Amino acid sequence: MSLDQHLRPIRLAIVTEADVVYRGLASVVAELAPRVELLGRSLTQAIDPGIDVALYDVAALNRGEGKDLDWLVKETHAAVVAVARDLRPDLAARAIDRGVDGVVSLSADTAELTDVIWAAAAGDLAGDASVEAVDYTGNSATLGRAEGLSAREVQVVSMIAMGLSNEQIARELFLSINSVKTYIRSAYRKMGVTSRSQALTWSVHHGFALSDNRGNRQLT
């Protein structure tokens with residue numbers, strides 16, 4: 001890192017189309033001010049004045065060809081960190097193939113995300129922050145464990161996060177609509193939420209996959 005980089009804040013951009021993801025990551029970055037300056041969420045921020053670190057939401061790879069990620073990796077000097085979804089290890093693998101400098105889970109706690117940002121800015125993504133050290137098994141068994149969600153409740157919450165309605169969840173899991181509602185009420189109680197919109201926000205912050213099929217989302 002140059003002398004100029006030591007004297008000025010680390011310039012960071014969050015690249016995501018999901019508002020809830022942006023707000024969650026931005027809230028962590030805000031705690032790092034004035035050492036970190038959040039430039040925004042647009043790729044154009046990487047041109048002028050330039051960025052040191054880019055947090056790239058891998059969900060974008062589910063909706064496009066990844067040209068924006070290719071541009072970040074090949075055309076900027078930024079350290080690019082892929083923000084991975086625990087239920088979509090395939091997207092993390094695609095980000096690795098495209099040359100990201102490191103990967104961090106969307107469900108990572110504040111301390112872990114902060115460590116990754118510092119390491120990325122220093123050009124020292126190693127250990128737990130390195131591509132090689134990240135577990136991409138996508139094992140969903142850890143999702144919701146701290147809150148005591150059952151395996152079936154995790155399935156239901158995952159489908160809510162993917163934009164499925166109660167009726168669609170019932171068809172997918174071969175359950176009655178009343179059973180689905182029972183699982184939702186039980187999961188909501190453990191999660192500390194009372195509505196589908198709150199459940200969606202909670203799911204994103206806890207590493208569940210987020211669908212881009214917004215038309216299917218049902219608010220209670």
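The values are calculated or read from the model by the stated rules, or taken from the named source; none is laboratory data. Please read these numbers as outputs of a predicted model, since none were measured by experiment. Cβ: placed from backbone, ideal geometry, glycine included. Neighbour counts: every protein chain shown.
Restricting attention to segment 161-186, the residues being among the hydrophobic types (A, V, I, L, M, F, W, C), surrounded by 14 or more Cβ atoms within 10 Å (Cβ to Cβ) and farther than 20 Å from Arg85 by Cα number 6.
Being in contact with a Lys or Arg (Cβ under 8 Å, 6 or more places away or on another chain), at pLDDT 90 or above and charged (D, E, K, R) is true of Asp52.
Could we say that Thr194 is under 26 Å from the mean Cα position of the chain (by Cα) and assigned to a loop (DSSP other than H, G, I, E, B) here? Give the steps one after another, and end with the answer.
Working: under 26 Å from the mean Cα position of the chain (by Cα): yes; assigned to a loop (DSSP other than H, G, I, E, B): yes.
Here the answer is yes, as Thr194 does meet what is asked.
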